[in-house]
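Following: one structure in structure tokens, then a few remarks.
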Amino acid sequence: MLQYTVQNRFLKYVTVDTQSDPASKATPSTEKQKDLGRILADELLEIGLEDAHLDEYGYVYATIPANTDKAVPVICFCAHIDTSPDCSGKNVQPIVHANYQGRDLVLPDDPEVVIRLDEHPDLKYQIGNDVITASGTTLLGADNKAGLAAIVDACRQLMDHPEIKHGTIKILFTPDEEIGRGVDKADMQKLAADFGYTIDGESAGTIENETFSADGAQLKIKGISAHPGFAKGKMESAIKIAGKILVELPRKLSPEATSAKEGFIHPVCISGHVEEAIIDFIIRDFEDEKLEKYATVIREVAESVLQEFPYASFTLKIYEQYRNMKQVLDQHQQVIDYGMEAIKRAGMEPRLRSIRGGTDGSRLSFMGLPCPNIFAGEHAFHGKEEWVSVQDMQKAVDTMVHLASIWEENS
Ligand SMILES: [Zn+2]
């Protein structure tokens, strides 16, 4: 039988196309995500997780039974099956660049795609390691197949080593995280976990306890239509009004002008004609109150532009997307503390970080499962330059195994 390692699990998973599709209304959004779901459930069964299964919505659930008499809180390791709609995930040809020495990594199927040390500063920590990339025409899918491989291999380690004591551990693999629907059909009752960890972060040693808070906004502009030959003094074109509003938005509140803890207003889609135009925005900040402020900015800009167009009008609709998980995690400090300790025991200096985005964990945290994000070694997500190192994935495996015993020790 093939001796599985985190590396060959990963190399197997990336060859299965699991791209999600925001235009689909189904769950999972693409049926092909179940192809990998079946492989994952089979591997978990093979390792000895007897209840491992794929459900009709493309979620994989499994349980590692407790091997201690102590009452240990149930923890869950979580990763997502899908890859980003931004870049093809079809026919991925992974390449292992063994013993990386800082050279340019030229990807053979498109020599214009070159992964350079100076453009990917984290590569300087990979000297001597084995770096995996795609071949130039697709993404790699390290986001989040590195997490899947690390979790499955951590399960194997825990099952192979009954001397490592731990409580009940739950496994959850979700579809459609990349299109913001990763936990829509997650069955929290069935999962029955107390605390969770997504394994979907970047550099080795990092743990993230904070995400953006996120709202969507839809601005609908109603213009005045007229026959263009006889429109003088009558027509108020909704698309021209929309253009003007976009120009007037404060530049310093845009994604391209913000970093670190700053938030932004970002128009993501515009459609329309003379009579009606719609602008969809995403609004992001680490503080909920700032989101309200940004909605006011959009409203005020629209009002001021509309002053020139007395017959046109607009409506603005705000809807919640997700909230900063720190609001929940601050009430359960041990989840972070044990994560930091596990990283330390796995031989790294733990670093606490915030994410300028969301994770499945930001929503899970508000569904009753406080859930920070631990590194999986993924880098340059969602593009052809994506890479991961075998050694970082192995460190993620080690971190999870330590985490399981730390929860037991402290119970
Ligand atoms: Zn991810």
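What the table shows:
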quantity	calculated
The lone exception for Glu300 - which of (1) touching a strand residue (DSSP E or B) at 6+ places or on another chain (Cβ under 9 Å); (2) farther than 28 Å from Gly368 by Cα it fails	(1)
Filter result for the condition that a residue is closer than 25 Å to Asp86 by Cα, open to solvent by 50 Å² or more (accessible area, probe 1.4 Å) and among the charged types (D, E, K, R), over Glu208, Glu202	Glu202
Which listed residue is under 27 Å from Glu303 (Cβ atoms) and either in contact with a Ser or Thr (Cβ under 8 Å, 6 or more places away or on another chain) or in a loop (DSSP other than H, G, I, E, B) (or both), from Ile239, Ile245, Ile265, Ile282	Ile265
Residue count for segment 159-170, restricted to those that are farther than 15 Å from Leu369 by Cα, of a type outside the set (Lys, Arg) and either in contact with a helix residue (DSSP H, G or I) (Cβ under 9 Å, 6 or more places away or on another chain) or not in a loop (DSSP other than H, G, I, E, B) (or both)	6
Hey, Thr68 surrounded by 20 or more Cβ atoms within 10 Å (Cβ to Cβ) and either within 16 Å of the ligand (Cβ to nearest atom) or in a loop (DSSP other than H, G, I, E, B) (or both) or not	no
Inter-residue pairs, beta-carbon under 8 Å, first on the phi < 0 side of the Ramachandran plot and within 13 Å of the ligand (Cβ to nearest atom) and in segment 341-360, second β-branched (Val, Ile, Thr) and part of a strand (DSSP E or B), 6+ apart	Thr359/Thr198; Asp360/Thr174; Asp360/Thr198
Total residues in segment 211-235, condition out of contact with any Leu (no Cβ under 7 Å at 6 or more places or on another chain), of a type outside the set (A, V, I, L, M, F, W, C), farther than 16 Å from Ser271 by Cα and surrounded by 19 or more Cβ atoms within 10 Å (Cβ to Cβ)	1
Any chance Tyr319 is at pLDDT 95 or above, more than 15 Å from the ligand (Cβ to nearest atom) and not in a helix (DSSP H, G or I)	yes
Condition met for Leu45 (open to solvent by 40 Å² or more (accessible area, probe 1.4 Å), hydrophobic (A, V, I, L, M, F, W, C) and part of a helix (DSSP H, G or I))	yes
Residue identified as free of Cβ contacts under 8 Å to residues at least 60 places away in the same chain and not acidic (Asp, Glu) among Ser24, Ser84, Ser20	Ser24
Residue selected from segment 380-396 under the condition open to solvent by less than 10 Å² (accessible area, probe 1.4 Å) and within 16 Å of the ligand (Cβ to nearest atom), by the criterion farthest from Asp110 (Cα to Cα)	Ala396
Leading residue by the ranking (farthest from the ligand (Cβ to nearest atom)) among those in segment 171-208 that are part of a strand (DSSP E or B) and small (Gly, Ala, Ser)	Gly196
Test for Lys124: is it part of a loop (DSSP other than H, G, I, E, B) and of a type outside the set (S, T, N, Q)	no
Answer from Phe286, Phe314 - the residue that is open to solvent by less than 30 Å² (accessible area, probe 1.4 Å) and aromatic (Phe, Trp, Tyr)	Phe286
Answer residue from segment 145-161, given it is open to solvent by 10 Å² or more (accessible area, probe 1.4 Å) and not polar (S, T, N, Q) and is nearest to the ligand (Cβ to nearest atom) among those	Arg156
Residue in segment 310-326 that is under 30 Å from Phe195 (Cα atoms), free of Cβ contacts under 8 Å to residues at least 60 places away in the same chain and under 24 Å from the mean Cα position of the chain (by Cα) present	no
Segment 379-396, residues that are part of a loop (DSSP other than H, G, I, E, B) and aromatic (Phe, Trp, Tyr)	Phe381
Test result for Leu140, within 13 Å of the ligand (Cβ to nearest atom), modelled with pLDDT of 95 or more and farther than 17 Å from Arg363 by Cβ	yes
Selection count where residues are open to solvent by 10 Å² or more (accessible area, probe 1.4 Å) and in a strand (DSSP E or B), scope segment 359-378	0
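Residue-wise test of (1) within 16 Å of the ligand (Cβ to nearest atom); (2) open to solvent by 80 Å² or more (accessible area, probe 1.4 Å); (3) under 30 Å from Lys190 (Cα atoms).
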| position | (1), (2), (3) |
| --- | --- |
| Ile39 | no, no, yes |
| Asp55 | no, no, yes |
| Ile64 | no, no, yes |
| His80 | yes, no, yes |
| Tyr100 | no, no, no |
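The values are calculated or read from the model by the stated rules, or taken from the named source; none is laboratory data. Quick caveat, the model's predicted, so the values are computed rather than measured. Reconstructed Cβ throughout: ideal geometry from the backbone, glycine too, with neighbour counts over all protein chains shown. Areas reflect the complete protein model, heavy atoms only, side chains present, ligands, DNA and RNA absent. Shrake-Rupley method; radii C 1.70, N 1.55, O 1.52, S 1.80 Å.
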